[in-house]
């Protein structure tokens, strides 16, 4: 009896401590616009990894995992791979932007308290230039000495002119993934394809060369994190490819869950479908 009472007290204490820790994390005030105004030269924090529930911050120690950029209750960083992956800041006409290119695993953003939100729009800049050229569908690869007795391959660009977007290959685009978990470890794992994950609930592609304000589709109205990366490269490239984009003015508002009426309709339709299947099976028997 005493053991049972002790277990109950222990469990209750843990639940209370956990709820108090979570309650101590200030939720973001929405709506907000993340403008990266104080983003440093290089940011290597990994907000895709589980955080300390008492702080909500990026996992530590920072000497290993880096430090996330924080703005308006949101964490900004990269996806963990285990190397020196990081994002940069870029200043254009006196305005700071987040910048991602081929030494990184993309840009990952979530709320510090892990809460859900609606990703509404963003300013997305991926102009075709020497740092973000066009390779086409069948690039020619040149092998170079890596200085350690091996070689690495470098695809040769078809063009670095923004007037030549007609030559873009079928795989030259950007991906934006929304997740129903704030933490999503393993996104850059050795077997990950950068597109298909069990926690992915929203998805949108952006053509390389796009510049301007991007509206996100309805699936992004209720997510817990999102990740931007170049298609085919959830990890830092092991070939000498170049690509790059800049991000600014990320508009975020309160999450919009699927209305309960919609859930009832979906559930009802599922029930009708199941019942119809059973009747069909009986008639065939």
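Please go through region 73-86 and give me each residue that is touching a strand residue (DSSP E or B) at 6+ places or on another chain (Cβ under 8 Å) and either farther than 13 Å from residue 34 by Cβ or surrounded by fewer than 20 Cβ atoms within 10 Å (Cβ to Cβ) (or both), ordered by number. Write out each step before concluding.
The initial filter retains those residues of region 73-86 that are touching a strand residue (DSSP E or B) at 6+ places or on another chain (Cβ under 8 Å), namely 73-79, 86.
Of everything in region 73-86, those that are touching a strand residue (DSSP E or B) at 6+ places or on another chain (Cβ under 8 Å) and either farther than 13 Å from residue 34 by Cβ or surrounded by fewer than 20 Cβ atoms within 10 Å (Cβ to Cβ) (or both) turn out to be 78, 79, 86.
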Practice task
Output the number of the condition that residue 185 fails; it satisfies all remaining conditions of (1) out of contact with any strand residue (DSSP E or B) (no Cβ under 6 Å at 6 or more places or on another chain); (2) more than 17 Å from residue 107 (Cα to Cα).
Solution key: (2)
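Just checking, which of 152, 108 is within 15 Å of residue 239 (Cα to Cα) and touching a residue at least 24 places away in the same chain (Cβ under 8 Å)? Spell out how you get there, then give the answer.
Details: 108 fails: within 15 Å of residue 239 (Cα to Cα).
Selected residue: 152, the only one of 152, 108 that is within 15 Å of residue 239 (Cα to Cα) and touching a residue at least 24 places away in the same chain (Cβ under 8 Å).
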Exercise for the section: Test residue 26 against the stated conditions and say whether it is closer than 24 Å to residue 119 by Cα, assigned to a loop (DSSP other than H, G, I, E, B) and either touching a strand residue (DSSP E or B) at 6+ places or on another chain (Cβ under 6 Å) or modelled with pLDDT under 80 (or both). Expected result: no
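Consider residue 165 carefully, then state whether it is over 14 Å from residue 229 (Cβ atoms), out of contact with any helix residue (DSSP H, G or I) (no Cβ under 8 Å at 6 or more places or on another chain) and in contact (Cβ under 8 Å) with a residue 40 or more places away in the chain. Working first, answer last.
Working: over 14 Å from residue 229 (Cβ atoms): yes; out of contact with any helix residue (DSSP H, G or I) (no Cβ under 8 Å at 6 or more places or on another chain): yes; in contact (Cβ under 8 Å) with a residue 40 or more places away in the chain: yes.
Yes, satisfied.
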Completion exercise
By residue number, the members of region 186-228 that are within 30 Å of residue 163 (Cβ to Cβ) and in a loop (DSSP other than H, G, I, E, B) are 194, 195, 208, 209, 210, 216, 217
Exercise for the section: Would you confirm whether any residue within region 164-179 is touching a strand residue (DSSP E or B) at 6+ places or on another chain (Cβ under 9 Å), outside any loop (DSSP other than H, G, I, E, B) and farther than 25 Å from residue 246 by Cβ? Expected result: no
Practice task
Inspect all residues belonging to region 110-131 and state whether any of them is more than 22 Å from the chain's Cα centre (by Cα), in a strand (DSSP E or B) and at pLDDT 95 or above.
Solution key: yes
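Among the residues of region 62-72, which ones are in contact with a strand residue (DSSP E or B) (Cβ under 6 Å, 6 or more places away or on another chain) and either crowded, with 17+ Cβ neighbours inside 10 Å or assigned to a helix (DSSP H, G or I) (or both)? Spell out the reasoning first.
At the first step, the residues of region 62-72 found to be in contact with a strand residue (DSSP E or B) (Cβ under 6 Å, 6 or more places away or on another chain) are 68-69, 71-72.
68, 69, 71, listed by residue number.
The values are calculated or read from the model by the stated rules, or taken from the named source; none is laboratory data. This structure is a prediction, so every number in the text was calculated from the model and none was measured. Backbone-built Cβ (ideal geometry, glycine too); neighbour counts: all protein chains shown.
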